[in-house]
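Novice: I have a structure I would like to understand better, so I am pasting it below and will then ask my questions one at a time.
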Amino acid sequence: MADEEIRPARAADVAVVAEVVDAAFRPYIERIGLVPQPMEEDHAANVAAGRVFVTGDPVTGLVVVEAFDDHLFLDTVAVHPAAQGGGVGGRLLRFVDAHARSLGLPEVRLYTNALMWENQQIYPKYGYELLERRTDGPYDRVHYRKRLL
């Protein structure tokens with residue numbers, strides 16, 4: 001599993017992208033009292049825009065990214081619960097770093113819900129530094145960045 005490729009998602013992957021995102025984020029609904037934003041995204045549009053990268057056969061994990069002039073925004077990391085703990089998330093985070101570097105971008109930015117405390121333990125282990133905690137609409141978010149260059 002450690003050497004599975006990470007590839008751009010294709011139109012045929014949209015249903016499984018939705019399934020993985022749903023499985024990964026559904027457990028947080030009760031905790032945060034809201035449907036997590038990744039579950040409400042237009043997965044077909046993100047795939048068509050080239051923002052989604054997947055791994056596994058069948059797909060077990062994915063990232064959704066968006067390039068800006070000065071950073072790569074890591075919108076979503078999702079690993080199916082059946083694959084969690086097997087290194088899929090770490091491989092996806094390393095891929096995001098490599099992808100940002102390939103685009104010549106000096107940093108990666110992301111946020112996570114403040115009540116998703118597991119993420120707040122994981123991201124610093126991969127070199128992300130806490131920037132701020134901010135309320136964005138109904139979401140209480142913790143913002144991070146990772147400088148690459």
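Values quoted throughout were computed directly from the atomic coordinates according to the rules given, and no laboratory measurement underlies them. Since the model is a prediction, treat every value here as computed from it, not as a measurement. All Cβ positions, even for glycine, are placed from backbone atoms using ideal geometry, and neighbour counts span all protein chains on display.
Novice: Work out from phi, with θ = phi - 60° and the Karplus expression 6.51 cos²θ - 1.76 cosθ + 1.60, the ³J(HN,Hα) of each residue of region 67-82, listed in order in whole Hz, and give x for Gly and Pro.
Specialist: Using θ = phi - 60°, the values come out as 8, 10, 4, 10, 6, 9, 8, 8, 6, 8, 10, 9, 10, 4, x, 5 Hz.
Novice: May I ask you to derive the relative contact order of the chain, considering only C-alpha pairs under 8 Å and at least 6 residues apart, and to give it as an integer percent? Walk me through the numbers on the way to the answer.
Specialist: On the way: 239 pairs, mean separation 28.6, N = 149.
Relative contact order, the chain: 19 percent.
Novice: At what distance in nm do the modelled label points of Asp70 and Arg101 sit from each other, each positioned 7 Å from its Cα along Cα→Cβ?
Specialist: Once both label points are built, they end up 2.3 nm from each other.
Novice: Taking K and R as +1 and D and E as -1, what net charge do the other residues with C-beta under 15 Å from the C-beta of Arg109 add up to? Don't skip to the end; give the middle numbers.
Specialist: On the way: positive: Arg51, Arg101, Arg133, Arg134, Arg141, Arg145, Lys146, Arg147; negative: Glu66, Asp69, Asp70, Asp75, Asp97, Glu107, Glu129, Glu132, Asp136.
With Lys, Arg at +1 and Asp, Glu at -1, the neighbours total -1.
Novice: Cα gyration tensor of region 6-131, axes a ≥ b ≥ c as square roots of the eigenvalues: rounded (a/c below 1.5), prolate (a/b > b/c) or oblate?
Specialist: Values: a/c = 1.40, a/b = 1.06, b/c = 1.33.
Judged from the Cα gyration tensor, region 6-131 comes out rounded (a/c under 1.5).
Novice: Could you work out the relative contact order of region 58-99? I mean the mean sequence separation of Cα pairs under 8 Å and 6+ apart, divided by the number of residues, in percent.
Specialist: Working: 45 pairs, mean separation 16.1, N = 42.
This gives 38 percent for region 58-99.
Novice: Considering only the other residues whose Cβ falls under 15 Å of the Cβ of Arg51, what net charge follows from Lys and Arg at +1 and Asp and Glu at -1?
Specialist: In short, -2.
Novice: Using amide H atoms built 1.01 Å from N in the peptide plane, name the residues 5+ places from Gly56, or on other chains, whose amide H lies under 5 Å from its own.
Specialist: The list, which skips near neighbours in sequence, is Glu5.
Novice: Which one of His43, Gly87, Ala67 is farthest out on the positive end of the charge dipole of region 1-113, using unit charges on Cβ (Lys, Arg +1; Asp, Glu -1) and the Cα centre as origin?
Specialist: Gly87
Novice: What is the extension gain from Glu19 to Ala49, computed as 0.36 nm multiplied by their sequence separation minus the C-alpha to C-alpha distance, in nm to one decimal? Could the numbers behind the result be given before it?
Specialist: Values: separation 30, 0.36 × 30 = 10.80 nm, distance 1.91 nm.
Length gained between Glu19 and Ala49: 8.9 nm.
Novice: Next question, about the same structure. For the peptides 90-102, 50-62, 22-34, what is the packing order when you average, over each peptide's residues, the other Cβ atoms within 10 Å and list the highest mean first? Please list the in-between numbers first.
Specialist: Numbers: 90-102: 17.0, 50-62: 19.8, 22-34: 14.6.
Ranked from most to least packed, the peptides come out as 50-62, 90-102, 22-34.
Novice: Extension gain Asp57-Gln121, at 0.36 nm per residue separation less the Cα-Cα distance, in nm?
Specialist: 20.2 nm
Novice: Quick check for me: using +1 on Lys/Arg Cβ and -1 on Asp/Glu Cβ, what's the dipole size of region 33-149 about its Cα centre, in debye to the nearest 20? Display every interim value, and only then the final one.
Specialist: On the way: 12 positive and 15 negative charges, 91 e Å.
My answer is approximately 440 debye.
Novice: Where in region 30-56 is the amide nitrogen less than 17 Å from a point lying 7 Å along the Cα-to-Cβ axis of Ala82?
Specialist: Label zone hits: 55-56.
Novice: Label-point separation (nm) for Arg94 and Leu130, each offset 7 Å from Cα along Cα-to-Cβ?
Specialist: Label at Arg94, label at Leu130, 2.7 nm between them.
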